[in-house]
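Taking it in order: structure first as structure tokens, then the write-up.
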Amino acid sequence: MSETTITPRPIAEISSYHAHIYYDPATTRSTAEQLRDWIGERFAVQLGRWHDVRVGPHYGAMFQVAFAKELFATLVPWLMLNHGDLSILVHPNTVNPRRDHVDYPFWIGTPLPIHDEKLPSVSAPEDAQQPNTTPHLSPWAAPDFR
Ligand code: ZN
């Protein structure tokens, strides 16, 4: 076999996922607060701190949602329907944070630049973080008009 042979990579390389939810502190923070509350009511995830100023490779203000692989098939489509006008970066966590953010992610809403020079190409895989939410509503249920 030549050295150019490529074999498909197993999805077992993905240890968990992040969704980074971007907002503008001046105009869309309340939309982001609403979405964060809705996520916490429906999904066992770890909601990260509010970053009102740019941090790491991220374009601007955002908060992180760390979630287990098993939640992908419900959380991601739910975000597709409920992101409003916010941009969301969804990326896997493998052992290469740079590729995770630059080569493997996708966007819900308007794509934003990534400052990938801030990212290492090697890191320990990040298993799903301990959830800090207490979901009590089903993402499958119709909206509850209170
Ligand atoms: Zn991330």
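Descriptive notes on the structure:
- A crude spin-label estimate for the pair residue 33 and residue 110, with each label 7 Å from Cα along the Cβ direction, gives 2.3 nm.
- Over region 14-111, the pair-distance histogram of Cα-Cα distances with 5 Å bins from zero comes to 3, 13, 26, 28, 20, 9, 2, 0 percent, rounded to whole numbers.
- Alpha-carbon centroids, region 17-46 and region 94-108: separation in whole Å: 20
- Exposure proxy order (Cβ contacts within 10 Å, fewest to most) of 11, 88: 11, 88
We did not get these values from a lab; they are worked out from the coordinates using the rules stated. Quick caveat, the model's predicted, so the values are computed rather than measured. FYI the Cβ positions are ideal-geometry reconstructions off the backbone, even for glycines, and counts take in every protein chain you see.
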